[in-house]
Every structure is written in structure tokens, then in C-alpha cells.
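Below is one structure, written out as C-alpha cells; the observations come after it.
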Amino acid sequence: MDVQRFDVVILGGGPGGYTAALAVKHVHPDVSVLLVRREELTLYPGAIPYLSATMESFNRNLLPDDTLKNAGVEILIDEARDLDLDGNAVSMKTGGRISYRKLILATGSSPVVPRSIAGTELEGVHAVQKSFTLMRKLEDDLQEAGRVVIIGGGFVGAEFADDLARTKKDVTIVELLPHCLILSFDEEFAVEAEEKLRSEGVKILTNARVTRILGEGRVNAVELADGRRLGADIVILGLGARPEVELARRAGLAIGETGGVVVDEYMRASHPDVLAVGDCAEKRSFFTGKPVPFMLASVACQEARVAGLNLFGIRVPRAVQGVVGVILTRIAGRALGAAGLTESMAEKESFQVVSARAKVLNKDPGVVP
């Protein structure tokens, strides 16, 4: 079997893998680095909900390959089939084998598609994925749709609804919990976000559960647990994501409580030559030390830099001491954000809460307000 040899192999081309590749080449310019990803083009995930109205062009939301190539990183469009941890090698889907000195897993996450909801396989039902091909298909479908039902009122659902409201479509959010965004914000901010969405014409159904997606080949309605039916040309599943760790699991790497690859503070997995960063790596709260299912590009990039700096031994006293999640969104022109623990989270963990005010910048990638 044909074997290619590299010093470092990175599986995954999202923000975590992208940043890890650059970090490795910055510290070790002479090592060979191969980044393996499934698609030719890579989306910046944070801007996906804004593709319908805010973004002027779909192609503005891409991570540039030139930056990687100029740093000396090689890119392979393929997919890993199996990991051979004893042989320090990866078997590829298209055949062939790639050997490595160090392997960085940046395989990301997969959208949650509940088995409890029938009809998710129908045409017009879209799970939100960090895939250029699949999100381009969603964007094409949205151009023709008049009625959009979004299942899930977290960040993805709320941001899609806010953006689609500007296109004057009939948009409905169905949320299982008492409020949209309630897992990220205290109640008064979640309520304000809902009021802003409603002011744009978005319909919001809380304490509501979808049981079926209906249609003959293509979706035309969703059915709720109380029997109500909502007409739908498109259904967007915004129900969160789970770590993509099937490769790691099959290879025998330790998997943590929240489903991610277990890593130490230097992002090293349970095998000495393997590291994991981003959504596929387990996270722990900086404040409580408890595992947390936190998936953000900013966190992935921080972890990737730590992994790249300390890949061949601990060379700098820099480590991930825990996740301080920083989240920011804009709903109907109102910026809402949270850093670390919210008031309700802090009180639940018995922290004392003190209130204060400060003025801060509102800054994200140039294409996102």
C-alpha cells in the first residue's frame, strides 16, 4: 500500500485545524504538515446563519487556503477511514495510508438530528452543518421558500430567524424550553431577545415540541405534540451538535463525559502522539472544573494554538486552564453577549454575584456585524 509520510497530520479543516496548522508551522517551520479535510472550500462557521440576507456573497464566508499554502502547509481533500495508533498512521477513504509523528484531531462536531422526530429525511429539511456543499443547498432552498420553521431557539435558530426576517419570509421558531437562548443568557435577556424577534415578525412557540415533519417526498408541514400543524416549505434543525469522535472511539482513545476526546491542559489525548482540538475535544469550565459541552470557533482556535506550540514537548508555559466561553449575537440590531458564567449559572454554583457596567467593542469577523 502506498504510504505518504509527514511530521504532522491534522484531520479537519475548520477553525481548529486551520489554526493548528499555522501554529505548528510558526513554531516549527521545518516540519512537514498535512491538513486533511472533506471539502474543497471551508466555511467560517459563525457566519452561517447570516447567509440569506446579511452576507452579500456566499464566497465571502470562507477560510482562505492561500494563508495555509504560504506557510508551507499541504492540503489533501479526502477523509480518514481508520486510525492506526500503534503504527502512527491514518488509512484514507480513497485508499492509501499516511504516516505521522504527531496527529492532531480537529474533526469538529455533527448536528443533532433526533430520532424522536419522524420525517427528518424529507427534502427541504436541513440540519445546520459546517459544510459548504450542504449549506449552499440550504441557501438555494431558502431562495424559493416562503414559510420557514426553525426547530430550536438557541443561537443558530435565533440568528437564522433574525436574518430571514429581513427577507420578509414567514418564520416560526419552535423551542422546547420556556425561552429561546435560555441556556446561554439569564431570563431577562432571553425575554428581550424574543421581544426583538417578534418585533421583526418572527413567530415564537416556546414549551413546544415537534413530533413529526410531514410531506410526500418533500416537507410541507410540521406537527407538534399538542396536535397543532405548521405549514413549512423549509425546516431548519438548530438543535445543537455533538462531538465527531467516531474515528477516535474506534481507535481506542479515551472519550469523556460530554462525548469529546479526553485531553489534558496541553490538548494531548490518551495516546502520546495524538492531540485533539475544537469541538471534538472535551472541555472543562474555567470556573467549576466540570465538563461543559462548549463549541465555539474562538475556543477551538485557542486550543489549536496551545496544541501547536507544545506539539513536540512543553516548550512554553501556556496551557488551557479551562474554558471561559464568550458568546455574542445581534438580534434586531440589539447586541447581546455573555462571557463566562451568567448570573443564574453563578448562583447555581454558589458564587457571589456583583453587578457592574463597562463599555466594550462590538467586533467579529469583518463580514459579520
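Throughout, read-outs are computed from the coordinates displayed, never taken from laboratory work. Bear in mind that the values here come from a model prediction, so they are computed numbers and not experimental data. FYI the Cβ positions are ideal-geometry reconstructions off the backbone, even for glycines, and counts take in every protein chain you see.
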The chain: angle of helix 187-199 to the longest principal axis, Cα-based, in degrees nearest 10 = 60
Once amide H atoms are placed 1.01 Å from N in the peptide plane, what residues at a sequence separation of 5 or more from SER110, or on another chain, have their amide H within under 5 Å of its amide H?
-> ARG242, GLU244
Would you pull out the residues with amide H under 5 Å of ILE104's amide H, same chain only if 5 or more places away, H placed 1.01 Å from N?
-> VAL9, ILE10, LEU11, LEU275
Expressed as a fraction of 2.2 N^0.38 Å, the rule-of-thumb size for a compact globular protein of N residues, what is the C-alpha radius of gyration of the stretch 113-239?
-> 0.98
Cα convex hull of the stretch 206-262: mean projected area in nm², to one decimal?
-> 6.2
Coil-residue GluC sites (Glu not before Pro) of the stretch 1-79, DSSP, other Cβ within 10 Å capped at 16 | GLU39, GLU40, GLU56, GLU79
Inter-centroid distance (Cα atoms) of the stretch 221-248 relative to the stretch 274-309, Å | 26
In the Gaussian network model of the chain, springs joining C-alpha atoms below 10 Å, which of THR206, THR67, THR133 carries the largest mean-square fluctuation?
-> THR67
Which lysines have a Cα less than 29 Å from the Cα of LYS196, not counting those fewer than 8 places away in the same chain?
-> LYS130, LYS137, LYS168, LYS169, LYS348, LYS359, LYS363
At a Cα cut-off below 16 Å, give the aspartates and glutamates reachable from LYS283, other chains included and same-chain residues fewer than 8 away excluded.
-> GLU244, GLU257, ASP264, GLU265, GLU303
Say a paramagnetic label sat at a point 7 Å from the Cα of SER344, along Cα to Cβ; which residues of the stretch 189-220 have their backbone N under 14 Å from it?
-> 189-194, 207
Step through the residues of the stretch 120-133 one at a time and calculate ³J(HN,Hα) from phi using the Karplus curve (6.51 cos²θ - 1.76 cosθ + 1.60, θ = phi - 60°), rounding each to whole Hz and writing x for Gly and Pro.
-> 5, 7, 5, 4, x, 9, 10, 7, 7, 10, 7, 10, 4, 5
Per residue of the chain, what 222 nm ellipticity follows from adding -39500 (n - 2.57) for every DSSP H run with n ≥ 4, rounded to the nearest 500?
-> -6500 deg cm²/dmol
Which angle between 0 and 90 degrees, to the nearest 10, do you get for helix 155-165 versus the longest principal axis of the chain when only C-alpha atoms count?
-> 50
Taking amide hydrogens as modeled 1.01 Å from N in the peptide plane, which residues meet the under 5 Å criterion relative to LEU62, leaving out close sequence neighbours?
-> TYR44
With bins of 20 Å, the percent of all Cα-Cα pairs of the chain per bin from 0 is 28, 56, 17, 0
